1. Can you compute the radius of gyration and Dmax for segment B:4-76, using only the Cα atoms, both in Å?
2. Under a point spin-label approximation (7 Å from Cα along Cα-to-Cβ), what is the residue A:114-residue A:137 distance to one decimal in nm?
3. Give me P(r) over the protein assembly as shown, computed from all C-alpha to C-alpha distances, binned every 20 Å, as integer percentages.
4. For residue A:130, place a label point 7 Å out from Cα along the Cα→Cβ vector, do the same in each other copy, and report the separations in nm, one decimal, smallest first.
5. Return the average number of partner chain Cβ atoms within 10 angstrom of each residue Cβ along peptide B:46-55.
6. What is the distance in Å between the Cα centroid of segment A:102-129 and that of segment A:1-78?
7. Once you average over the residues of A:72-81, how many Cβ atoms of partner chains fall within 10 Å of each Cβ?
8. Is segment B:48-94 rounded, prolate or oblate when judged by the Cα gyration tensor, a ≥ b ≥ c being the square roots of its eigenvalues, rounded requiring a/c under 1.5 and prolate requiring a/b larger than b/c?
There are 2 protein chains.
Amino acid sequence: MTIRYLEDFEPGQKFGSPRLSVDAARIKSFALEFDPQPFHIDETLARDSLFKGLAASGWHTAAMTMRLFVDGDLNPAGGIVGAGVEELAWPRPVRPGDELHLESEVLEVRPSKSRPDQGMIKVRTTTLNQNNEAVQVFVGKLIVPRRPSSR
Amino acid sequence: MTIRYLEDFEPGQKFGSPRLSVDAARIKSFALEFDPQPFHIDETLARDSLFKGLAASGWHTAAMTMRLFVDGDLNPAGGIVGAGVEELAWPRPVRPGDELHLESEVLEVRPSKSRPDQGMIKVRTTTLNQNNEAVQVFVGKLIVPRRPSSR
């Protein structure tokens, strides 16, 4: 696993992730704890909702995306430390049986003015299903340490 | 429980929520599934991290906030259907033993131009701990049906 410092990032770089399967039981148990609405917990009620079938809570999709991001190829030194969310959208529902993966692209790299030991990268992470349809788009900033100088 | 249609909302209205306690075991089990980084799963490693102690994953805080929102007083007719996130930030860590609640404020109410049966409300929801310190700020748009006319 390659650990990356601020100096290792540049705009346009792309990173992938492993894949994660979504099953109906976890969609429902996550929703029962965190988002207990009919269209996330009951197939029959979901069929008559605007989702037209059981769909994962957007917050479940966000959490699964975080897992794929942690297990993915970007690997910033110091871990994944968020410094703000610029965009978060769920253009399509996540369904039971879907298999998700990520495509992340570095949009911006900026050294900190006040902290010479770190900087910020802005990353757009798209969560895709098995048909390569986007189910979540997330643009966030991460704090990344600079490479320690060898003195 | 009062169900609210688009006509029942106006800018400046405020809504509350019940309270939810956060325990160390759930912080760790959520993180083991969705955000397995040292500062979310191990007290000792967390002490030496920038969080200076065990802290909930931001996605766990977002999920708990959704639960409080569903159980809260806003109650839009048709359920809570997101139409986009404008802001999401975690200004302070959530700690074991914290007790969270919400303060939501309606910022904007807008009937749809293309869909005469619905509209959009923009809501800022602040998640507060027991000391009334903000641990999450979330600004999102919800789709809300208009009151059915009695014809």
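Readers should treat all values here as calculations from the given coordinates under stated rules, not as data from a laboratory. Small disclaimer: the values here were computed from a predicted structure and weren't measured. Cβ atoms come from the backbone with ideal geometry, glycine included; neighbour counts cover every protein chain shown.
1. 16.5, 52
2. Result for the modelled spin labels: 3.2 nm.
3. 32, 58, 10, 0, 0
4. Result, one decimal in nm: 4.6.
5. 1
6. After rounding, the separation between the Cα centres reads 19 Å.
7. Neighbouring Cβ atoms belonging to other protein chains average 2 per residue here.
8. On the way: a/c = 3.80, a/b = 2.32, b/c = 1.64.
Note, shape of segment B:48-94 comes out prolate.
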